Amino acid sequence: MSNPVPFRSIPSVDRLLRSEDLAHLDDLYPRSTVVRWVREAIQEYRTEVSAGKKIPQEKIANHIHERVLHQEKLYRGDKIRPVINATGILLHTNLGRAPLAERAIERLTQAAGASNVELNLHSGNRNHRGDHCVELLQGLTGCEDAVLVNNCAAATMMVLQTTAQGREVIISRGQLVEIGGGFRLPDVFRSAGVQLKEIGTTNRTYVADYESAVTDQTAAVMRVHHSNYQINGFATEPTIADLVQMKRSKKIAVIDDLGSGWLGTQFFGPTTERDSVCKIQEPSVAESISAGADLTLFSGDKLLGGPQCGIILGKRHWIEPLRKSALMRAMRLDKLTLAALEATLEIHLEGKAKDELPIIQMLSEEPKAIEDRCKCLEQELSAQIGGDRIDVIACESQIGGGSVPGMNVSSFGLLIRTQKPQKLATRLRRLNSPIQARVTKDAVLLDLRTVPSNRLDLLREGIETALNEEVGAREQS
Ligand SMILES: *Cc1c(COP(=O)(O)O)cnc(C)c1O
């Protein structure tokens with residue numbers, strides 16, 4: 001062999017672990033984890049050398065150390081941590097949708113230890129998990145009864161399976177949607193063992209279409225709200241009230257999948273016309289209930305502003321079988337979610353949504369106030385790094401998270417010009433307090449509508465760090 005591969009000079013795993021550069025990892029992580037990183041680093045080194053890379057003998061250990069420390073950094077980066085949402089997307093699914101209210105966070109923390117999740121403290125008897133949330137939902141929406149599951153997708157699955165397995169459910173072709181993440185209604189019907197009966201056309205479906213589709217095999221008619229798309233122009237479909245009126249048999253359920261869980265503004269106290277919350281054109285939960293829907297479904301972490309969960313409201317006659325179904329046990333909420341949901345519903349019921357719920361605060365903040373915050377930040381940053389690259393500009397925020405399609409909200413943001421916007425965005429994302437920004441052709445845009453006031457200092461520090469790193473990188477190259 002002309003070029004003997006220096007595998008023999010690789011230090012042993014043990015020696016590498018004891019080396020000055022890596023010894024501290026032993027206190028921080030389980031031994032098996034560190035050993036795995038070291039073995040992987042050695043393997044990578046072997047692959048590189050086999051591929052022809054030349055590494056001087058005295059640098060081999062160092063080379064492997066670096067790889068191990070890189071692994072550790074990746075591992076730390078994988079943890080769930082707070083991220084500053086500067087995207088201007090209010091309900092960002094990748095960032096966990098609705099941020100919780102302080103009150104909800106406190107209650108969730110308190111519930112984390114032993115808590116009365118299934119214990120009635122007055123009687124000492126066992127009670128139903130989530131009873132108190134059901135009472136709050138009755139107060140907020142006028143519903144008869146409710147059950148709670150892990151998310152709205154679970155709610156859809158459970159409702160279809162329990163009310164319609166082995167029979168037909170009628171749905172308009174304009175509503176056979178993919179909700180996101182590959183969750184497609186026809187697939188859900190199939191896995192719930194329900195026959196899907198499509199009626200009408202993509203753009204037009206009439207009450208008469210439903211009427212003529214009903215047979216003795218019909219278990220339900222379902223409406224799915226257009227939560228992430230719009231059909232504009234020559235389009236019509238019946239309201240939920242139309243469907244309730246059309247129904248001739250008590251044995252058929254009218255199911256209303258609302259998605260975003262908009263409660264309406266009636267709990268917000270005084271609102272002005274300029275208020276973006278007044279421009280939201282979502283069908284409200286209370287409207288669905290008062291129209292007489294038998295089962296109304298929505299998410300907890302969209303416009304309701306609570307934790308991830310699926311909320312099913314409706315007539316007792318239709319809710320009771322859900323509560324008793326075997327699926328319920330598999331889909332029930334944990335105590336943390338229940339505690340956060342309770343607090344969120346309380347806030348709505350007390351009329352404090354505008355004071356306490358981040359999603360409603362983000363929605364209702366006036367553009368002028370956002371502009372002022374941008375200008376403050378611009379001044380502070382300009383003093384540090386020179387003002388020629390930073391501007392305050394008007395921009396549009398989006399609701400996101402499969403809610404209110406087509407509705408944008410006027411906002412303001414900080415525009416940082418750079419030749420490599422992707423690179424700067426990556427630097428911002430990899431900070432200790434990560435910042436998720438928007439990238440344009442030649443700039444990074446930070447929309448401040450979605451950044452809470454108490455994170456502004458962190459945001460400023462983060463931008464400074466990322467821009468300094470950028471300068472450092474340029475000088476090196
Ligand atoms: C978002 C949405 C769902 C899914 O809700 P998850 O809580 O994300 O499971 C279902 N139906 C509609 C109409 C939606 O908008």
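Laid out as a table, the results:
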| quantity | calculated |
| --- | --- |
| Acute angle (nearest 10 degrees) that the helix 335-349 long axis makes with the longest principal axis of the chain, alpha-carbon atoms | 60 degrees |
| Residue-averaged 222 nm ellipticity for the chain, from DSSP H runs of 4+ at -39500 (n - 2.57), nearest 500 | -12500 deg cm²/dmol |
| Calculated SAXS-style log₁₀ I(q)/I(0) at q = 0.08, 0.11, 0.13, 0.14 Å⁻¹ - the chain, Debye, Cα scatterers | -0.65, -1.01, -1.18, -1.26 |
| Under Karplus coefficients 6.51, -1.76 and 1.60, residue-wise ³J(HN,Hα) of the range 374-381 in Hz, glycine/proline x | 4, 5, 4, 4, 4, 4, 4, 5 |
| Computed E for Thr47/Asn468 - FRET, C-beta separation, R0 35 angstrom, nearest 0.05 | 0.50 |
| The chain: angle of helix 60-78 to the longest principal axis, Cα-based, in degrees nearest 10 | 20 degrees |
| Length added when fully stretched, Asn432-Asp355, from 0.36 nm per residue minus Cα-Cα | 24.8 nm |
| Selection from Gly124, Ala111, Gly77, by position along the positive dipole direction of the range 71-136 (Cβ) | Gly77 |
| Phi-based couplings in Hz for the range 98-105 (Karplus 6.51, -1.76, 1.60; Gly and Pro marked x) | 5, x, 7, 6, 3, 4, 5, 5 |
| Order by protection proxy (mean Cβ within 10 Å, highest first), peptides 380-387, 141-148 | 141-148, 380-387 |
| Equivalent-ellipsoid semi-axes of the range 321-473, from the Cα gyration tensor, Å, largest first | 37, 19, 15 |
| Convex hull (Cα only) mean projected area of the range 103-212, reported in nm² to one decimal | 10.8 nm² |
| Ser410-Glu396 pseudo-label distance in nm [points 7 Å out on the Cα-to-Cβ vector] | 1.3 nm |
| Taking the C-alpha atoms of the range 153-229, convex hull volume expressed per residue in Å³ | 79 Å³ |
| Extent along principal axes [Cα atoms of the range 81-149; Å; largest to smallest] | 48, 32, 19 |
| R0 of 35 Å, Cβ-Cβ distance Asp78-Asn120: FRET efficiency to nearest 0.05 | 0.30 |
| Cβ-based net charge around Leu108, under 15 Å, with every Lys or Arg adding one and every Asp or Glu removing one | -4 |
| Rg/Rg_globular for the range 201-303, with Rg_globular taken as 2.2 N^0.38 Å and Rg from C-alpha atoms | 1.20 |
| ³J(HN,Hα) computed for each position of the range 278-293 - Karplus, 6.51 cos²θ - 1.76 cosθ + 1.60, integer Hz, glycine/proline x | 6, 8, 6, 9, 8, x, 8, 4, 4, 4, 5, 5, 6, 5, x, 4 |
| Full-stretch length increase - His70, Thr93 - with 0.36 nm per residue and alpha-carbon distance subtracted | 5.4 nm |
| Euclidean distance of C-alpha centroids, the range 122-151 and the range 404-477, integer Å | 42 Å |
| Residue order, fewest to most surrounding Cβ atoms within 10 angstrom, among Val244, Val444, Val277, Val159 | Val244, Val277, Val444, Val159 |
| Ser9 versus Arg329: modelled label distance in nm, points set 7 Å from Cα along the beta carbon direction | 6.4 nm |
| FRET efficiency, Glu475 to Gln195 (Cβ-Cβ, R0 51 Å, nearest 0.05) | 0.15 |
| Helix 131-141 axis, angle to the chain major axis (alpha carbon atoms, nearest 10°) | 70 degrees |
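Each value in this text was obtained by applying a stated rule to the coordinates, not by laboratory testing. What you see is a predicted model; the values in this text were computed from it and never measured. So basically every Cβ, Gly included, is an ideal-geometry build from the backbone, and we count neighbours across all protein chains shown.
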